[in-house]
There are 2 protein chains.
Amino acid sequence: MTTIADVARHAGVSVATVSHVMNHTRHVEPETAERVRAAITALRYSPNSVARSLRRGETKTIGLLLPDNSNPFFASVARQIEDAGFVSGYTVILCNSDGNAEKEERYLSVLMAKQIDGLIFAGSSDHARVFARLLPSVPAVLLDREIQSVNVDSVLVDHDHGGYLAGKYLVGLGHRTIGVIGGPRDSSSSPARLRGFVRALGEAGIELPPSSIVDSDYHFAGGRLAMEQLMAQAPDITAVFACNDLMAMGAITALRSHGSRVPDDISMVGFDDIPYAVTTWPPLTTIAQPVEKIGTRAVSLLLERLGEPEAPSRREVLAPVLIERESCAARR
Amino acid sequence: MTTIADVARHAGVSVATVSHVMNHTRHVEPETAERVRAAITALRYSPNSVARSLRRGETKTIGLLLPDNSNPFFASVARQIEDAGFVSGYTVILCNSDGNAEKEERYLSVLMAKQIDGLIFAGSSDHARVFARLLPSVPAVLLDREIQSVNVDSVLVDHDHGGYLAGKYLVGLGHRTIGVIGGPRDSSSSPARLRGFVRALGEAGIELPPSSIVDSDYHFAGGRLAMEQLMAQAPDITAVFACNDLMAMGAITALRSHGSRVPDDISMVGFDDIPYAVTTWPPLTTIAQPVEKIGTRAVSLLLERLGEPEAPSRREVLAPVLIERESCAARR
DNA sequence: GGGCCATGACGACGATTGCCGATGTCGCAC
DNA sequence: GTGCGACATCGGCAATCGTCGTCATGGCCC
């Protein structure tokens, strides 16, 4: 590997000069600078970032810790974050924790050792210990999660509002007896979605009996099972709100195998707007999470904090929007 | 940040000793070692990987350059690679190139500057220039791509064989007039899949007229359009082989809106076995790529090469397998 | 001679590691 | 029993990795 010293020798100057022409950090005689640049290209020199990082005390690297990159939602977020980081000269280290507290801790240690400049964290549940020990020592942005701490900003999605949107929409179509397929109780998102949904119904004077709510797990198969159960215990429903798209897709499958037609017999609203929401039949009406914004805002917050480490911590909440496709119809 | 010198001072030993107890790199009096360990935990010391990397000349980092992490196939591969790397102490830097040659080159430069120990590259097309300039200088593994070069291994999927499997299967079900929805001509995978498929048909004495082949783009909407076209120009087909699942899903949608039923009227075989292949109705019969193996084998090859840089380059080919679900039926 | 300009020399940054010195142990010869 | 050298054990010093910022220096002009 060629080093800055090689370049200096080749150009007949000192290493300091080479460094300065590369970084435009002090004036160098144009002629000299030209000679240096020539040497750089001649030797195909590229500065060693490791040495640079050691010297400068910054790595231009951000850690991205999320539950599972093979989950399309996180994959999209990761993609956005990587893109946004790259344009600002940052590189992303990807870590998958499966929401496992121990793994999160191990990854965090590695990332800290690697001297990341910042962290973007999408924990799957609240592991206070992890945060308390490690987070304060590096600027961080939490996704869909909050914590009282300096140095930590949050990007939140207004799940409550999303649920409200879904409720308003179904009520507006004339539905009165509505079923719900909920996500995991211990997630932070599902209860909020449910809350907003219930509120919308409440505003229309509609009450949601416990028998019209079935909890599930955010997965396709879980959604199918939940729908079976829902059909059994609340056979008169004309619409369903599934707390995510995957479960909505599973529910549609269950309905189809029972001969129910969507949206003719039952309307279906999902949540997330994953890319595959358009591949179902009928295409799924859903509440879209602003995936793109989540990623870009997270990076922006992080970079701003790097510029001003002592600024008070911020929380940014992003609004989901209703995407109307073909899985809902007015009540007959 | 606390450094090794702080620990040494705190334990009353030299930095060398601290280093040696951390790395078990020479015998240290148990008593002394214990004192050092105590100091380490007392000060919450964690060695600075950047300094270590500079000194050791290795970063325990591998670069992963792929077209698009939001594509579920690559997302899964990335996940597998990250997992496999982590257990061996490697960390992954994620880069999305969109298959854009210029981006690939920029990323490669950054990765080289960051002194990655190895590279896993899933290029979307052959950018010989990129490779020629940069690849030889770092151990690399190519995914689904080959190139004549030292230091470069490949993990390949036998697309030809996958296509063959699909053909054999449909022929075995009694189909004789079969349509094909192809992927991009300039990809390396689609033509190979097609080739294998045609061979299987040939062995059964079946010929594929040009009118039963429609090329598309590996996307859902493209698949739908292609199916429309296929129905128009080859109305008598009883089965379709789509060169990936997304197009198969689009094709099923097109068929449904024309009142054709899958598999009763038309059988459908996809390729890839993306997670969403089970969410269609009917669940999609498809040729599965060994996603998991691709990732783990890529990491293994890379690590083995790191251990033995001068070994002859290797190519590992992985066999796809037929996953029988419900989108195919015997010809009426 | 003071001030300015362009550049060079040099010491961190934090960890690893080859080399050397100090101390302790043991065996052997007298 | 004593003295001495060979050898093993343990720990410290200092060089090193490649880059960058600070201080120093030499030349030049007014």
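The values are calculated or read from the model by the stated rules, or taken from the named source; none is laboratory data. Fair warning: this is a prediction, and the values are worked out from it, not measured in the lab. Neighbour counts are summed over all protein chains in view; Cβ atoms, including those assigned to glycine, are modelled from backbone coordinates with ideal geometry.
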- Of all residues making up segment B:275-289, the number that are buried (at least 24 other Cβ atoms within 10 Å of the Cβ) and touching a strand residue (DSSP E or B) at 6+ places or on another chain (Cβ under 6 Å): 5
- Item | Pick from segment A:91-104, criterion more than 9 Å from chain B (Cβ to nearest Cβ) and in contact (Cβ under 8 Å) with a residue 24 or more places away in the chain, ranking: farthest from B:Asn100 (Cα to Cα) | A:Ala101
- Assuming A:Ser70 fulfils every condition listed in (1) at pLDDT 95 or above; (2) in contact with a helix residue (DSSP H, G or I) (Cβ under 6 Å, 6 or more places away or on another chain); (3) within 29 Å of B:Asn69 (Cβ to Cβ) apart from one, which condition is it? (1)
- Item | Selected residue (criterion: farthest from the chain's Cα centre (by Cα)) from residues of segment B:304-320 that are within 16 Å of B:Leu142 (Cβ to Cβ) and of a type in the set (Asp, Glu) | B:Glu304
- Which one of the conditions (1) surrounded by fewer than 20 Cβ atoms within 10 Å (Cβ to Cβ); (2) away from chain A (no Cβ under 14 Å) does B:Val21 fail to meet, given that it meets all the rest? (1)
- Cβ pairs under 7 Å, 6+ apart, first in segment B:1-12 and more than 14 Å from every other protein chain (Cβ to nearest Cβ) and under 11 Å from B:Thr41 (Cβ atoms), second more than 12 Å from DNA strand D (Cβ to nearest atom) and among the β-branched types (Val, Ile, Thr): B:Val7/B:Ile40
- Message: Among the residues of segment B:74-90, are any among the hydroxyl-bearing types (Ser, Thr, Tyr), at the interface with chain A (Cβ under 9 Å from one of its Cβ atoms), buried (at least 19 other Cβ atoms within 10 Å of the Cβ) and within 16 Å of DNA strand C (Cβ to nearest atom)?
- Response: no
- Query: When you go through B:Glu308, B:Glu304, B:Glu292 one by one, which is the residue that is surrounded by fewer than 21 Cβ atoms within 10 Å (Cβ to Cβ), within 14 Å of another protein chain (Cβ to nearest Cβ) and more than 28 Å from B:Leu208 (Cβ to Cβ)?
  - Reply: B:Glu292
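Sort through A:Arg9, A:Arg56 and tell me the only one that's within 16 Å of DNA strand C (Cβ to nearest atom) and within 18 Å of B:Thr59 (Cβ to Cβ).
Working: A:Arg9 fails: within 18 Å of B:Thr59 (Cβ to Cβ).
Of the residues listed, the single one that is within 16 Å of DNA strand C (Cβ to nearest atom) and within 18 Å of B:Thr59 (Cβ to Cβ) is A:Arg56.
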- Query: With segment A:1-99 as the region, which helices (runs of 4 or more DSSP H) entirely inside it contain at least 1 residues that are more than 9 Å from DNA strand D (Cβ to nearest atom)?
  - Reply: A:4-11, A:15-23, A:30-42, A:72-87
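Within segment A:42-63, does at least one residue satisfy the condition of being of a type in the set (A, V, I, L, M), within 14 Å of another protein chain (Cβ to nearest Cβ) and crowded, with 21+ Cβ neighbours inside 10 Å? Quick ask: steps written out before the conclusion?
First pass over segment A:42-63, keeping only residues of a type in the set (A, V, I, L, M): A:42-43, A:50-51, A:54, A:62.
Still in the list and also within 14 Å of another protein chain (Cβ to nearest Cβ): A:43, A:50-51, A:54, A:62.
With crowded, with 21+ Cβ neighbours inside 10 Å added as a condition, the list becomes A:50, A:62.
For segment A:42-63, residues of a type in the set (A, V, I, L, M), within 14 Å of another protein chain (Cβ to nearest Cβ) and crowded, with 21+ Cβ neighbours inside 10 Å: present.
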- Do we find that B:Val180 is crowded, with 20+ Cβ neighbours inside 10 Å and touching a Pro at 6+ places or on another chain (Cβ under 7 Å) in this structure? no
- The one condition A:Val278 fails out of (1) farther than 30 Å from A:Glu82 by Cα; (2) in contact with a Lys or Arg (Cβ under 8 Å, 6 or more places away or on another chain) is (1)
- Task: Would you mind listing the strands (runs of 3 or more DSSP E) fully within segment B:280-326 where at least 1 residues are of a type in the set (Asp, Glu)?
- Result: B:315-318
- Task: Go through segment B:106-125 residue by residue and tally those that are in a loop (DSSP other than H, G, I, E, B) and either of a type in the set (S, T, N, Q) or over 22 Å from B:Ser49 (Cα atoms) (or both).
- Result: 5
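Tell me which residues, restricted to segment A:279-312, are under 25 Å from A:Thr91 (Cβ atoms) and of a type in the set (S, T, N, Q).
Step one: list which residues in segment A:279-312 are under 25 Å from A:Thr91 (Cβ atoms), which gives A:290-309, A:311.
Matches in segment A:279-312: A:Thr296, A:Ser300.
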